Amino acid sequence: MNKWKYAIALLCLSFLVGLFLVFSLRPEPLRETLIFFPIDENAQFLESRSAITILSSKDEDEYILNWETSSVLDQEAYLRQDVSLLFEDGLLKDIQSTWKKQTDTITMNKHVPSDDSGHYRVVTFHHAEIHYPNDHIRSAQALSFDRLYVIDSPLSPLEAFRIPETEEQWESKRVLDYILQQQQQYDWEDLFEYYHLPEDEYTKIPLTDFIQYEQLPGLTREESQRFLGGLWEGLYKHYVLGIAQEDGTVSSPIGSTVPLILLPKTTDHFFILFRTPDGNPVQFIQTISS
């Protein structure tokens, strides 16, 4: 009888150990939110970096882009989360996003096939959620950016540059920038008209230009940080995770335009405008945390 009791106990123990391993080793689910908390003045990023380069050329027209990001906080955080957006000629080409608990470092890397000439921009939001006793939660955040011009001409080998060095590169940059500028200006005017927004009452900042602003027009540095956190909280929910349609479905943002941020004179809220891959206009309002 004792042998039977011992065997049953051993069997039950084995089952419980197996059950524990199943639950403890299963992968973390995708994180569905990015939440901004007040800035932690005692935490800062030691490194925040984005880079886009050409890894290899498949043939005369096709090539592989190497897209990588990295960030290091000066301390271990309860949650680290990075979101990186890759745009090609003003349209979203791809997304990288990941999160980890109890770490200070996040790195991401992706190889992206592409072709023809193009102007690529990478914008990455680096975020940390730092927990203190008594449910006291603070944030640390940083932006990083990179750009790359790729020129694919039948008259010369494929070349890529960030800053032009030759007359030919300067001319290629001028043409690509002019085409994008004209396309975006026409689209923005149409969106302002569609939503009946008075253009002269807003400061217009495309998402890809935010890296230029340590302090936003009309805002203090502290207010700018709150704005940046609220902006990415809204973008993550309404853009990165998918675009909600009127019929209740959610569509991929890949192929949508660069979000245009409208900062009104009363800066307790702001607008974000863009177009879906199908050309449908989208507007949402995001409040700024106090």
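Each of Ser251, Ser153, Ser114 has some number of other Cβ atoms within 10 Å of its Cβ, and from fewest to most they run Ser153, Ser251, Ser114.
Taken about its Cα centre, the chain carries a charge dipole of about 1860 debye when Lys and Arg each add +1 at the Cβ and Asp and Glu each add -1 at the Cβ.
Inverting the pair-averaged 1/r between distinct Cα atoms of the stretch 174-287 gives 14.9 Å as its Kirkwood hydrodynamic radius. Phi angles of the stretch 139-152 translate, via the Karplus equation with coefficients 6.51, -1.76, 1.60 and θ = phi - 60°, into HN-Hα couplings of 10, 10, 8, 7, 10, 9, 8, 8, 9, 8, 9, 10, 10, 10 Hz per residue; Gly and Pro are given as x. Of the trypsin sites (Lys or Arg not before Pro) found in the stretch 44-123, the ones in coil according to DSSP and having at most 11 other Cβ atoms within 10 Å of their Cβ are Lys58.
Give the shape of the chain as rounded, prolate or oblate, defined through the alpha-carbon gyration tensor: a ≥ b ≥ c are the square roots of its eigenvalues, a/c under 1.5 means rounded, and otherwise the shape is prolate if a/b is larger than b/c and oblate if not. Provide the component values of the computation, followed by the final result.
Working: a/c = 2.04, a/b = 1.50, b/c = 1.36.
It comes out prolate by the Cα gyration axes.
Relative contact order for the chain: what percent, with Cα pairs under 8 Å and sequence separation of 6 or more?
Values: 515 pairs, mean separation 45.0, N = 290.
Contact order relative to length: 16 percent.
Please give the calculated 222 nm ellipticity per residue for the chain, where each DSSP H segment of at least 4 residues contributes -39500 (n - 2.57) and the sum is spread over every residue; nearest 500 deg cm²/dmol? Write out the running numbers ahead of the final one.
Details: 3 runs with 67 residues, N = 290.
Estimated from H runs of four or more residues: -8000 deg cm²/dmol.
Neighbour counts of C-beta atoms inside 10 Å place Asp82, Asp40 in the sequence Asp40, Asp82, starting with the fewest. Helices meeting the span-like rule in the chain (full DSSP H runs, Cα extent of at least 30 Å along the helix axis, mean Kyte-Doolittle score of 0.5 or higher): 2-25.
Choose one answer from Leu231, Leu86, Leu216: the residue with the largest mean-square fluctuation in a GNM of the chain with alpha-carbon springs under 10 Å. Evaluated over the chain, the most mobile residue of the options is Leu216.
Over the stretch 45-166, what relative contact order in percent results from Cα pairs under 8 Å that are six or more residues apart? Relative contact order comes out at 27 percent.
All of the numbers you see were taken from the coordinates with simple rules; none came from a lab. All values derive from a computational prediction rather than experimental measurement. Glycine gets a Cβ as well: all are built from the backbone with ideal geometry, and neighbour counts include every protein chain shown.
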